[in-house]
Amino acid sequence: MKLWAGRFQKETDQKTNDFNSSISFDSRMAREDIEGSIAHAAMLGACGVIDKDEAGKICIGLEQILRDLESGALQIDPSAEDIHTFIEGELTQRLGDAGKRLHTARSRNDQVALDVRLYLRKQCDALSGQLRDLTQVLCKKAAGYAEAVMPGYTHLQRAQPITFGHHLMAYAEMFLRDLDRLRDARKRMNFCPLGSGALAGTTYPLDRGMTASLLGFDGPTHNSLDGVSDRDFCMELAAAVAITMVHLSRFSEEIILWCSWEFKFIELDDAFSTGSSIMPQKKNPDIAELVRGKAGRVIGGLTALLTMMKGLPLAYNKDMQEDKEAVFDAVDTLSMCLTAFVPMVETMKVLPENMRRAAARGFINATDCADYLVGKGLPFRDAYKVTGSLVAYCIEHGRTLEDLPLETYQAFHPLFGEDVYEAISLERCVNGRKVLGGPAPENVRAESERVLALLNACEEWPAAVPGGELWL
Ligand code: ARG
């Protein structure tokens with residue numbers, strides 16, 4: 001029997017019922033729905049809107065339903081319209097009239113707006129924990145490879161020498177910003193819409209501050225129309241998640257390149273690689289490829305949400321039921337990606353000798369060679385030209401700047417002396433780049449410590465929901 005049976009003369013068509021129903025994807029909010037209802041009932045009792053004893057019964061009944069759902073004693077009915085309807089129906093079956101009083105001064109519109117916020121708030125916290133783990137892993141690895149010289153690239157062409165630690169810390173910076181975005185999204189979602197009713201609030205004398213604080217919110221929302229129809233928190237979280245996926249995807253792309261024989265800068269642990277069914281020599285970076293691929297679907301989820309919302313008049317419209325699959329999938333996908341990605345990065349074998357070899361072959365110390373001549377008194381433009389000719393000579397003769405004999409150097413310019421080798425040594429080039437933000441090993445170690453300290457100082461998230469005893 002439908003909630004609206006009084007107004008209708010026919011049952012909903014079966015297939016239409018399935019089309020209309022959201023139970024297949026909103027039943028994951030069962031706990032949050034029950035927590036929200038307990039707070040609502042406790043507040044109704046405290047304000048004298050319903051009898052205090054009855055409010056107590058409702059709260060106990062709801063807690064029992066939660067226990068039964070968790071133990072498996074109660075199964076969710078897949079033909080129910082949504083999780084809200086199912087739980088209220090179950091409560092009424094168990095308690096009779098008391099159960100029927102739960103929905104006083106409430107609509108499914110403010111109820112669903114509440115449940116999604118409660119659910120996503122927890123997801124924000126869980127994702128933050130995973131991202132924090134990843135950033136920590138990166139900082140530790142970066143400190144371990146603070147001295148490992150590798151080529152830095154622009155246009156995927158070897159450009160200037162950096163260290164592997166510096167490269168990893170670039171990602172640590174991105175994930176730090178992602179953490180901040182998650183925290184920001186959480187801050188703005190943390191207001192309680194309960195009491196907005198269907199769209200126009202209610203005539204009952206509710207204590208909206210009480211429900212808000214029982215549920216750990218920073219306060220109630222301030223406009224009933226906005227309270228039920230705001231989905232900024234879904235879009236904002238999906239955007240933060242999509243940006244994080246873009247970062248993971250760029251990192252994945254580099255990991256894939258680094259695993260190739262063309263680079264061989266790293267080797268992934270067997271536990272995080274796959275083989276080929278036909279080519280016995282293959283070891284494939286499937287996890288990184290999947291993460292890169294899944295970035296697409298998360299971006300799709302964000303696009304779906306933005307597009308779904310852009311034409312909606314105030315207040316609630318059923319279109320909004322589409323919010324859940326998009327944002328839940330985005331959150332699930334990021335979480336799954338991080339679950340595989342963090343240990344993959346943690347266990348990857350770094351091959352610094354190969355990085356060093358690649359760094360020696362791309363003339364990435366040519367700028368430093370020109371600077372050497374400048375140090376000997378040659379104007380930079382002349383020094384640049386001499387070095388350019390030297391590089392051309394090396395390319396033609398299959399040499400590197402480091403292994404060119406001194407006589408050859410001197411044939412290009414008499415100012416070259418024995419000390420040129422020291423000046424263009426990759427270690428020296430990297431060590432000299434100690435400007436703030438530069439790749440010098442001492443910088444990398446300092447940055448790694450700075451970020452680790454930031455992560456540690458990050459205040460803990462407030463407890464999601466106060467203990468059940470507070471409700472009664
Ligand atoms: N299942 C609905 C949703 O997810 C709940 C709200 C229903 N409200 C309504 N007026 N039909 O949006």
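Checking the structure you have, find out if any residue of segment 177-195 is in contact (Cβ under 8 Å) with a residue 40 or more places away in the chain and either on the phi > 0 side of the Ramachandran plot or of a type in the set (Val, Ile, Thr) (or both).
Among the residues of segment 177-195, at least one is in contact (Cβ under 8 Å) with a residue 40 or more places away in the chain and either on the phi > 0 side of the Ramachandran plot or of a type in the set (Val, Ile, Thr) (or both), which makes the answer yes.
Provide a single number: the residues in segment 415-447 that are small (Gly, Ala, Ser) and over 22 Å from Tyr153 (Cβ atoms).
Looking only at that region, the number is 3.
Report whether or not Arg399 is without any contact (Cβ under 8 Å) to a residue 12 or more places away in the chain and either in contact with a helix residue (DSSP H, G or I) (Cβ under 9 Å, 6 or more places away or on another chain) or in a loop (DSSP other than H, G, I, E, B) (or both).
Spelling it out, Arg399 is indeed without any contact (Cβ under 8 Å) to a residue 12 or more places away in the chain and either in contact with a helix residue (DSSP H, G or I) (Cβ under 9 Å, 6 or more places away or on another chain) or in a loop (DSSP other than H, G, I, E, B) (or both).
Go through segment 256-282 and report how many residues are surrounded by 11 or more Cβ atoms within 10 Å (Cβ to Cβ) and farther than 27 Å from Thr244 by Cα.
So the answer is 2.
For the structure I just gave you, tell me whether Leu127 is away from the ligand (no atom under 16 Å from the Cβ) and within 22 Å of the chain's Cα centre (by Cα).
Considered against the rule, which asks whether it is away from the ligand (no atom under 16 Å from the Cβ) and within 22 Å of the chain's Cα centre (by Cα), Leu127 comes out as yes.
Filter segment 101-122 down to the residues that are over 28 Å from Leu179 (Cα atoms), more than 13 Å from the ligand (Cβ to nearest atom) and either among the charged types (D, E, K, R) or within 28 Å of the chain's Cα centre (by Cα) (or both) and list them by number.
Within segment 101-122, Arg101 is the sole residue that qualifies.
In this structure, does Glu81 turn out to be over 29 Å from the mean Cα position of the chain (by Cα), more than 25 Å from Leu225 (Cβ to Cβ) and in contact (Cβ under 8 Å) with a residue 12 or more places away in the chain?
no
Can you give me the number of residues within segment 413-455 that are over 17 Å from Glu147 (Cα atoms) and in a loop (DSSP other than H, G, I, E, B)?
Counting residues in segment 413-455 that are over 17 Å from Glu147 (Cα atoms) and in a loop (DSSP other than H, G, I, E, B) gives 7.
Quickly run through segment 254-313 and pick out the residues that are without any contact (Cβ under 8 Å) to a residue 12 or more places away in the chain and among the hydroxyl-bearing types (Ser, Thr, Tyr).
Of everything in segment 254-313, those that are without any contact (Cβ under 8 Å) to a residue 12 or more places away in the chain and among the hydroxyl-bearing types (Ser, Thr, Tyr) turn out to be Ser260, Ser276, Ser277, Thr303, Thr307.
Take the residues in segment 302-318 that are within 21 Å of the chain's Cα centre (by Cα) and either more than 16 Å from the ligand (Cβ to nearest atom) or part of a loop (DSSP other than H, G, I, E, B) (or both); name whichever of them is farthest from Asp110 (Cα to Cα).
Step by step, filter segment 302-318, then rank; the result is Thr303.
Does at least one position in segment 162-176 carry a residue that is under 24 Å from the mean Cα position of the chain (by Cα), at pLDDT 95 or above and either charged (D, E, K, R) or not in a helix (DSSP H, G or I) (or both)?
Yes, there is a match, as at least one residue in segment 162-176 is under 24 Å from the mean Cα position of the chain (by Cα), at pLDDT 95 or above and either charged (D, E, K, R) or not in a helix (DSSP H, G or I) (or both).
If a residue has to be at pLDDT 95 or above, of a type outside the set (Val, Ile, Thr) and either assigned to a strand (DSSP E or B) or within 12 Å of Pro441 (Cα to Cα) (or both) to count, how many in segment 135-160 make the cut?
So the answer is 11.
Between residues in segment 89-116 that are more than 22 Å from Cys47 (Cβ to Cβ) and residues that are near the ligand (Cβ under 9 Å from one of its atoms) and among the hydroxyl-bearing types (Ser, Thr, Tyr), which pairs lie under 6 Å by C-beta distance while being six or more apart or on different chains?
Partner pairs satisfying both residue conditions: none exist.
Can you name the residue in segment 1-49 that is without any contact (Cβ under 8 Å) to a residue 40 or more places away in the chain and hydroxyl-bearing (Ser, Thr, Tyr) and, of all such residues, is farthest from Thr203 (Cα to Cα)?
Restricting to residues being without any contact (Cβ under 8 Å) to a residue 40 or more places away in the chain and hydroxyl-bearing (Ser, Thr, Tyr), the top hit is Thr16.
So, in segment 210-224, of the ones that are part of a helix (DSSP H, G or I) and either farther than 17 Å from Ala41 by Cβ or within 31 Å of the chain's Cα centre (by Cα) (or both), which residue ends up nearest to the ligand (Cβ to nearest atom)?
Per the criteria, the residue is Ser224.
So how many residues does segment 346-367 have that are in a helix (DSSP H, G or I) and crowded, with 22+ Cβ neighbours inside 10 Å? Show your work before the answer.
Going residue by residue through segment 346-367, those that are in a helix (DSSP H, G or I) are 346-347, 352-361, 366-367.
Next cut, crowded, with 22+ Cβ neighbours inside 10 Å only: 355, 359.
Selection size over segment 346-367: 2.
Go through the residues of segment 243-251 one by one and say whether even a single one is polar (S, T, N, Q) and either touching a Pro at 6+ places or on another chain (Cβ under 8 Å) or within 16 Å of the ligand (Cβ to nearest atom) (or both).
no
For segment 319-328, indicate whether the set of residues that are part of a helix (DSSP H, G or I), of a type outside the set (Lys, Arg) and either farther than 15 Å from Asp232 by Cα or at pLDDT below 95 (or both) is non-empty.
Yes, some residue in segment 319-328 is part of a helix (DSSP H, G or I), of a type outside the set (Lys, Arg) and either farther than 15 Å from Asp232 by Cα or at pLDDT below 95 (or both).
I'd like to check something: does segment 191-198 contain any residue that is surrounded by fewer than 19 Cβ atoms within 10 Å (Cβ to Cβ), within 16 Å of the ligand (Cβ to nearest atom) and not hydroxyl-bearing (Ser, Thr, Tyr)?
Yes, some residue in segment 191-198 is surrounded by fewer than 19 Cβ atoms within 10 Å (Cβ to Cβ), within 16 Å of the ligand (Cβ to nearest atom) and not hydroxyl-bearing (Ser, Thr, Tyr).
The values are calculated or read from the model by the stated rules, or taken from the named source; none is laboratory data. Predicted, not measured: the structure shown is a model, and the values here were computed from it. Reconstructed Cβ throughout: ideal geometry from the backbone, glycine too, with neighbour counts over all protein chains shown.
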